[in-house]
Amino acid sequence: MAETATTQKQLTLKGQRDGMRDGKILGYECGKCRRRQITPMVRCPQCAAIDVKVVEFATTGKVVTYTIQQIASEQFLNEVPFAWVIVELDNGGPRVSGWMPFISRPDDLPAGQKVKFISSYKPGMQFEKA
Ligand SMILES: [Zn+2]
């Protein structure tokens, strides 16, 4: 997946959400130490540089860990059980949290499973097996 640095300095939460609707994961990268994160940063928390760029992260990654949810909030009532996952995005992307439907037992999702982000009308970031 191609990663492109944009010239856009500011990324609003709405811009980030709109990007996800288009199947893109937008976040931040420090121009000095290359720290990458999905949560907004104005100044790098690692090296304090203010040279922060908006970048497009890979939409693929691997599952680092997860929990299986048997009880859900209203938005996910029709999805239980599902996995709440921590995914490390490829190409040096950050770790992000999201969810995967159709996971009911640990055998359904081995740690290290390759996954890809899919655009969803549900809240949060949805992943499926790659
Ligand atoms: Zn930095």
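Throughout, read-outs are computed from the coordinates displayed, never taken from laboratory work. As the structure is a prediction and not an experimental result, all values here were calculated from the model. Counting neighbours? That spans all protein chains shown, and the Cβs are built from the backbone with ideal geometry, glycine included.
For segment 96-121, enumerate the residues that are part of a loop (DSSP other than H, G, I, E, B) and either surrounded by 13 or more Cβ atoms within 10 Å (Cβ to Cβ) or aliphatic (A, V, I, L, M) (or both). Listed by number, the residues that qualify are Ile103, Ser104, Leu109, Ala111, Gln113, Ser119, Ser120.
For (1) closer than 23 Å to Gln10 by Cβ; (2) touching a residue at least 60 places away in the same chain (Cβ under 8 Å), each residue gets a yes or a no:
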| residue | (1), (2) |
| --- | --- |
| Cys33 | yes, no |
| Lys53 | yes, no |
| Thr67 | no, no |
| Phe117 | yes, yes |
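Does segment 77-87 contain any residue that is surrounded by 12 or more Cβ atoms within 10 Å (Cβ to Cβ), closer than 19 Å to Gln10 by Cα and in contact with a Pro (Cβ under 7 Å, 6 or more places away or on another chain)?
Going through segment 77-87, the residues surrounded by 12 or more Cβ atoms within 10 Å (Cβ to Cβ) turn out to be 79-87.
Then keep just the ones that are closer than 19 Å to Gln10 by Cα; that gives none.
No - not one qualifying residue is present in segment 77-87.
When the strands (runs of 3 or more DSSP E) confined to segment 20-75 are screened for residues that are among the hydroxyl-bearing types (Ser, Thr, Tyr) and more than 11 Å from the chain's Cα centre (by Cα), those reaching at least 3 such residues are found at 60-69. Out of all the residues in segment 29-47, which are closer than 17 Å to Asp90 by Cβ, touching a strand residue (DSSP E or B) at 6+ places or on another chain (Cβ under 8 Å) and within 14 Å of the ligand (Cβ to nearest atom)? Correct list: Glu29, Arg35, Arg36, Gln37.
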